[in-house]
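Structure record follows, encoded as structure tokens.
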Amino acid sequence: MSIYGLWIGLVRRVLFLLVRTRVLQDEEQLLQSLDGPICFVLERPGLAESAVLDQECLRAGLQPASRGIQLPGLKEARATVFLRRSGRKPPDLSRLERVIAAVGNGQPADVTVVPVAIFWGRSPEKEGSALKLLISEDWAIGGTLRKLFMILAHGRDVMVQFSAPISIREFIDDGLPPERSVRKLARVLRVHFRRQRISTIGPDLSHRRMLVNQILDSRSVQSAISREMQVNGVSEAKAWGKAREYAYEIAADFSYPFVRFMERLLARLWDRLYDGVEVGHVDRLRAASEKSSIVYVPCHRSHIDYLLLSYVVYRNGIMCPHIAAGINLNLPFIGPFLRRGGAFFLRRSFRDNALYAAVFNKYLSLNLARGVPMEYFIEGGRSRTGRLLSAKPGMLAMTVRSYLRRPDAPLAFVPVYFGYERLIEGDSYISELSGKPKKRETLLGLVRSLKALRGRFGKVYVNFGEPIDLATVLDGEIPDWRERELGEGERPAWAQSAVRKLGDLILTQINSAAAINPVNLVATAVLSTPRRSILEAELVRLLDLHLAILREAPYSADVTVCDLSGRKIVEYTEQFGLLKRQSHKLGDIMYVEEGNAALISYFRNNVAHLFALPSLIACCFLESAGIDEDRILELLRRIYPYVQGELHIRWDREALRPVTRNIVGVMIERGLISRDAESGSLRPAPLNTAEAVQLSVIARSALQALERYYMTVALLMKHGPGVLTQPKLEELCQLMAQRISMLYQLNAPEFFDRRLFRGFIGRLRHYGVITMAEDGRIEFGDALRRADSDARMMLGESLRHDILQAVYL
């Protein structure tokens, strides 16, 4: 007996201390009737499967399959062939080739091939245990650890099926060459095993293997494979293998049993982490999913977002989406779990890898064509500042192109807003904004982060925005898009405007569905005070004022506002550990600790767009004892486009008049400003009044943005036209902002976020305030000087002096 046979025998003796098998009676009789050389074919490889097969052979009075069969002129050959191999390796059919060759030579006259299927456990729908649901028999080849758990969980319920034997002589008599006979036999066996598996455990719900084959057979991927061969000088087999490897690297491995298991697990996790999950406007999601294919486009605050959205969708009776995840999350052990929950992985950039791009594009388009709900984050990554990042065109462009090729069914984008009261990643965000490098996601890092789960994170809010119909967007941007043909792999320039429009609209709709929680309100109020401290009574009045603005001059009908009063909000955030109290006989002082100031700025930034316009209006009174409403509107129209672009505010410039009038009305009613009876001009509340303080605090919400704008303009004015390039200006702006932060102890890392300066410079170019010379240097004229004048009007002399001192000294 061979060493392999001895090893399988040892495994069999240990295994059957736990395992009990069942074979149908007629199949037992079939096995006992066999004679002559026998070659058993198992669909999947594994020591446990080989040991089970040996045990059944012994019970039927046959020699164990591990002992092999004797073929003339060859050493003893194993009597077991595995039709599939673990990982992505192609099947090893060399044993079948030797068997067919031997029969073709007449020695022996024939060999009987017996397909054998082994199922660990019953259909997952029949299992009540969460653990058994997770490790039920399905369509994937599991690893060693998963197989061990399957044996432990299902060892007493193992079904072994022996199918009708196949004569090798029949294939030889067909007159086919040996290599074609092998391929034909393998194909017959694959079809047989597939039908048998469907009959036993149900259809392949993931369709992953079929999907990968469709990808590889598509014209676009075949063309990319040909280009790969020509450009890199590789063989067809190697290029095809690389494409197949890319497809499996990308593809999800969706599993309904796993989703059901995770739903139970996540319900317990949310109970442990959060005081509740508040969901808003889910009714519109149900309506949209009934008539359109859905692409969920949430903001990206935390890694929790992936799990939270799938959980909320599933709990509301809607199919879970397939989720685009960065390849950095494809960690050992974690990656396979995420795949089974619907995650598909993509690399950060594949611009220089045409083969990967073709495979990914085809994967996405096939899923969209099948109506699979998708989810991806158009910001590209998690926001470290709490503001929405600019939309990245990649995934949006691929989705639009896919729809343009096959606009058969409606496609709707569903914006999703996530609102947290505390973030698991909060400390790491502040560390990165302070200049420290981002830590790579690793399995060890994930294990270390589990200690954070011992804390409490308040409530979490999920609001669904108004669905965006893609056809409607295309009609507005490209009226004749239905008449234009789009070839496979084509990337038309005429679709770019629609992609940009779609990205801006999604971000705007996300912000229009914001959820206002107590932490957002306290962060907005306290961080607008000079030293992050305020009298308790004044804080209560300030919170009530913010609530009044939100309710009486609503930003959007989709915005949800917490139903607490200012007093209750103070109590809530103090119990939550956000606010600290310093007792005093004349009135307690509420404050935020130094270490928390930078962190809670994240939550202020989540809702900065809601208070941007009230704050800009308040800024108009910093240096003015009286101002006409038309003059306020004029100033707003000049500065508003830059703030709107940065914060993705929903109103266009034409809507400013009625919106401004509404906010001014609330301010008048609350006593922050008054209207002169004779001139009609607006005046701020008298100095040394509570209302004057409130007006000043509200103005501070927008001051950081105005300071960044003024700093950028001041640096350009200092150096003059034709001197600075955009990268150099961005660098100077960031360094100057860091300098001002240190000089005036601003604990707000987003103040010197380079991306904010880059966005503002881009908008200056968009509106023609600056231009780029051929050598890349920035040119400007009177338009920039007018912008400087407007900023002076709204900033106030003290702040202007501080900035100019930092710039010129």
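The values are calculated or read from the model by the stated rules, or taken from the named source; none is laboratory data. These numbers were taken from a predicted model, which means no experiment stands behind them. Don't worry about glycine lacking a Cβ; one is built from the backbone with ideal geometry, like all the others, and counts go over all protein chains shown. Surface areas here come from the heavy atoms of the whole protein model, side chains and all, with no ligands, DNA or RNA. Shrake-Rupley method; radii C 1.70, N 1.55, O 1.52, S 1.80 Å.
None of ILE327, ILE294, ILE334 is touching a Lys or Arg at 6+ places or on another chain (Cβ under 9 Å) and either modelled with pLDDT of 85 or more or not hydroxyl-bearing (Ser, Thr, Tyr) (or both) except ILE327. Has the range 680-690 got at least one residue that is of a type outside the set (Phe, Trp, Tyr), open to solvent by 20 Å² or more (accessible area, probe 1.4 Å) and in a helix (DSSP H, G or I)? Yes, the range 680-690 has at least one match. Against the definition (within 17 Å of the chain's Cα centre (by Cα) and under 30 Å from GLN230 (Cα atoms)), how does PHE350 come out, yes or no? Judged against the criteria, PHE350 is not a match.
Scanning the range 614-659 for residues that are of a type in the set (Gly, Ala, Ser) and outside any helix (DSSP H, G or I), we see that the one that is surrounded by the fewest Cβ atoms within 10 Å (Cβ to Cβ) is ALA625. Condition first: basic (Lys, Arg) and open to solvent by less than 60 Å² (accessible area, probe 1.4 Å). Now tell me which residues in the range 701-742 satisfy that. The answer is ARG708, and nothing else. The residue of the range 586-613 that is nearest to ILE549 (Cα to Cα), among those that are in contact with an Asp or Glu (Cβ under 7 Å, 6 or more places away or on another chain) and buried (at least 20 other Cβ atoms within 10 Å of the Cβ), is ASN605. The listed residues are GLY326, GLY342, and the only one of them that is under 21 Å from PHE418 (Cβ atoms) and in contact with a His (Cβ under 8 Å, 6 or more places away or on another chain) turns out to be GLY342. If you scan the range 104-117, which residues turn out to be at pLDDT below 85 and either buried (at least 20 other Cβ atoms within 10 Å of the Cβ) or farther than 25 Å from SER33 by Cα (or both)? Selection gives ASN105 alone. Out of all the residues in the range 555-566, is one or more out of contact with any Leu (no Cβ under 8 Å at 6 or more places or on another chain), β-branched (Val, Ile, Thr), open to solvent by 10 Å² or more (accessible area, probe 1.4 Å) and within 25 Å of VAL416 (Cβ to Cβ)? Within the range 555-566 (the criterion being out of contact with any Leu (no Cβ under 8 Å at 6 or more places or on another chain), β-branched (Val, Ile, Thr), open to solvent by 10 Å² or more (accessible area, probe 1.4 Å) and within 25 Å of VAL416 (Cβ to Cβ)), the answer is yes, since at least one residue qualifies. Residues that are modelled with pLDDT of 90 or more, of a type in the set (Gly, Ala, Ser), within 30 Å of GLY489 (Cα to Cα) and touching a strand residue (DSSP E or B) at 6+ places or on another chain (Cβ under 8 Å) within the range 389-444 comprise just one, ALA412.
Restricting attention to the range 144-197, and to residues there that are part of a helix (DSSP H, G or I) and of a type in the set (Gly, Ala, Ser), which single residue is most open to solvent (accessible area, probe 1.4 Å)?
The residue in question is ALA153.
Taking the criterion of being among the aliphatic types (A, V, I, L, M) and either open to solvent by 20 Å² or more (accessible area, probe 1.4 Å) or not in a loop (DSSP other than H, G, I, E, B) (or both), the only residue of the range 371-387 that qualifies is MET374. In this structure, does ARG264 turn out to be open to solvent by 30 Å² or more (accessible area, probe 1.4 Å), over 15 Å from the mean Cα position of the chain (by Cα) and touching a residue at least 24 places away in the same chain (Cβ under 8 Å)? For ARG264, the condition - open to solvent by 30 Å² or more (accessible area, probe 1.4 Å), over 15 Å from the mean Cα position of the chain (by Cα) and touching a residue at least 24 places away in the same chain (Cβ under 8 Å) - is met. Of all the residues in the range 305-320, those that are crowded, with 19+ Cβ neighbours inside 10 Å and either charged (D, E, K, R) or modelled with pLDDT of 90 or more (or both) number 6.
Only a single item in (1) under 24 Å from ALA409 (Cβ atoms); (2) hydroxyl-bearing (Ser, Thr, Tyr); (3) in a helix (DSSP H, G or I) is not met by TYR296, and it is number (3). Close Cβ contacts (under 7 Å, 6 or more residues apart or on different chains) running from residues in the range 150-171 that are within 20 Å of VAL103 (Cβ to Cβ) to residues that are β-branched (Val, Ile, Thr) and outside any strand (DSSP E or B) comprise ILE168/VAL99; ILE168/ILE100; ILE168/VAL103; ILE168/VAL111; ARG169/VAL103; PHE171/ILE100. Taken over the range 165-181, residues that are of a type in the set (A, V, I, L, M) and modelled with pLDDT of 85 or more amount to 2.
The residue of the range 766-809 that is nearest to GLN726 (Cα to Cα), among those that are modelled with pLDDT of 75 or more and open to solvent by 80 Å² or more (accessible area, probe 1.4 Å), is ARG777.
Working only within the range 38-65, note down all residues that are surrounded by 20 or more Cβ atoms within 10 Å (Cβ to Cβ), closer than 13 Å to VAL114 by Cβ and not charged (D, E, K, R). Those that are surrounded by 20 or more Cβ atoms within 10 Å (Cβ to Cβ), closer than 13 Å to VAL114 by Cβ and not charged (D, E, K, R): CYS39, PHE40, VAL41, LEU42, LEU53, CYS57, ALA65.
Do we have TYR296 as among the aromatic types (Phe, Trp, Tyr), closer than 30 Å to LEU355 by Cβ, in contact (Cβ under 8 Å) with a residue 12 or more places away in the chain and surrounded by 17 or more Cβ atoms within 10 Å (Cβ to Cβ) here? Yes. For the range 494-579, the helices (runs of 4 or more DSSP H) that sit wholly inside it and include 1 or more residues that are free of Cβ contacts under 8 Å to residues at least 24 places away in the same chain and farther than 29 Å from ALA391 by Cβ are 536-552, 566-575. Checked against the criterion of being of a type outside the set (S, T, N, Q) and within 27 Å of GLN509 (Cβ to Cβ), the candidates GLU654, GLU691, GLU634, GLU678 yield just one match: GLU654.
The residues in the range 236-261 that are closer than 17 Å to GLY341 by Cα, part of a helix (DSSP H, G or I) and open to solvent by less than 50 Å² (accessible area, probe 1.4 Å) can be counted, and the count is 7.
Only one of the listed residues (LEU62, LEU83, LEU10, LEU15) is under 45 Å from the mean Cα position of the chain (by Cα), among the aliphatic types (A, V, I, L, M) and at pLDDT 85 or above. That residue is LEU15.
Kindly provide the set of residues from the range 580-606 that are in contact with a Lys or Arg (Cβ under 8 Å, 6 or more places away or on another chain), within 16 Å of ALA525 (Cα to Cα) and free of Cβ contacts under 8 Å to residues at least 60 places away in the same chain, ordered by number. Passing the criteria: ILE589, GLU593. With the requirement that a residue be in a helix (DSSP H, G or I), among the small types (Gly, Ala, Ser) and under 20 Å from PRO641 (Cβ atoms), what does the range 757-804 give you? Passing the criteria: GLY759, GLY762, ALA783, ALA787, SER789, ALA791. Scanning the range 706-756 for residues being in contact with a Leu (Cβ under 8 Å, 6 or more places away or on another chain), part of a helix (DSSP H, G or I) and in contact (Cβ under 8 Å) with a residue 40 or more places away in the chain gives a total of 16. Sort out which residues of the range 668-679 are farther than 13 Å from CYS620 by Cα, surrounded by 13 or more Cβ atoms within 10 Å (Cβ to Cβ) and not basic (Lys, Arg), and write them in order of number. The answer is ILE668, GLY671, SER674.
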